[in-house]
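See below for the structure under consideration.
The values are calculated or read from the model by the stated rules, or taken from the named source; none is laboratory data. Here the structure is a predicted model, which means the values were calculated and not measured. Methodologically, a virtual Cβ is constructed for each residue, glycine included, from the backbone with ideal geometry; neighbour enumeration extends over all protein chains shown.
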Amino acid sequence: MEILDKILDIIYPPFCGICGKGKNTFLCKKCEEKLKREAVWGKDQYEDKYFENHFYVFKYDGMIRNIILNYKFNEKSYLYKSFVNFLNKYQKKYLQFDFYDIIIPVPISKKRLKLRGYNQSLLIAKDLAVELNTKIINDILIKQKNNKPQSELNKISREQNVKDVYKLLNKDKIINKKILLIDDIYTTGSTVNECSKILKQAGAKKIDIYTLAKD
């Protein structure tokens, strides 16, 4: 896959995914500066959730909201390279991660994967796994139901909407492990908390959350 990416970069030179300009880069200097101004590098700690810490890079509003919506819903998967370009350059300076045994992206349903063509959380998770020198497991936590999009629901409905939606296939892989769970947006935390609940009840030692943005 890396060889194919290099060949495609030669045939179709990369451009800035955000503004569409620039040469041989997925993030031009102008847009990089914009992301630097938007970045908040947040870390929240929780005692009433199934996870302990939540790391996030941006607040989910303005320019960032528009970019993530394009990334997630408008078939612009290439935007993940713009985010990764930025994250790889700055996040180690601002976010102090723990050691993790496993990185797990929040899964999407087979139906939604077929329609969208990619799992936006998995794309981000792959590069983060390389940066943190941690293995990624993408086939242990699955989404067994194609529920309503969380963005269409209020807080109470969101909590009900994710119940019995996710399933763990092989709990032996996560027993006594420290896990970093990856999602794109944190709003009420219902999705990541439900996923964390399943992992914790199956024997995970610790779970932290990482998202691009927090609402």
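Worth pointing out:
- Count of the stretch 192-215 residues which are of a type in the set (Val, Ile, Thr) and either part of a loop (DSSP other than H, G, I, E, B) or within 12 Å of the chain's Cα centre (by Cα) (or both): 3
- If you go through the stretch 45-62 and keep only what is part of a strand (DSSP E or B), surrounded by fewer than 17 Cβ atoms within 10 Å (Cβ to Cβ) and touching a residue at least 24 places away in the same chain (Cβ under 8 Å), you end up with just Lys59.
- Identity of the residue in the stretch 181-191, among the β-branched types (Val, Ile, Thr), touching a strand residue (DSSP E or B) at 6+ places or on another chain (Cβ under 9 Å) and not in a strand (DSSP E or B), that ends up nearest to Ala39 (Cα to Cα): Thr187
- Cross-chain or 6+ apart pairs with Cβ under 7 Å, the stretch 143-171 first and over 16 Å from Val192 (Cβ atoms) and polar (S, T, N, Q), then in a loop (DSSP other than H, G, I, E, B) and modelled with pLDDT of 75 or more: Gln144/Val165; Asn146/Ser109; Asn170/Ile140
- Filter result for Asp183 (surrounded by 20 or more Cβ atoms within 10 Å (Cβ to Cβ), acidic (Asp, Glu) and at pLDDT 90 or above): yes
- Within the stretch 162-190, being of a type in the set (Gly, Ala, Ser) and at negative phi holds for one residue alone: Ser190.
- Subset of the stretch 1-35 (residues that are surrounded by 12 or more Cβ atoms within 10 Å (Cβ to Cβ) and at pLDDT below 60): Asp9
Rundown of residues vs (1) modelled with pLDDT under 95; (2) farther than 16 Å from Ile18 by Cβ, yes/no style:
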{"site": "Gln45", "(1), (2)": "no, yes"}
{"site": "Lys72", "(1), (2)": "yes, no"}
{"site": "Glu75", "(1), (2)": "yes, no"}
{"site": "Asn85", "(1), (2)": "yes, no"}
{"site": "Gln120", "(1), (2)": "yes, no"}
{"site": "Asp127", "(1), (2)": "yes, yes"}
{"site": "Asn133", "(1), (2)": "yes, yes"}
{"site": "Lys143", "(1), (2)": "yes, yes"}
{"site": "Lys148", "(1), (2)": "yes, yes"}
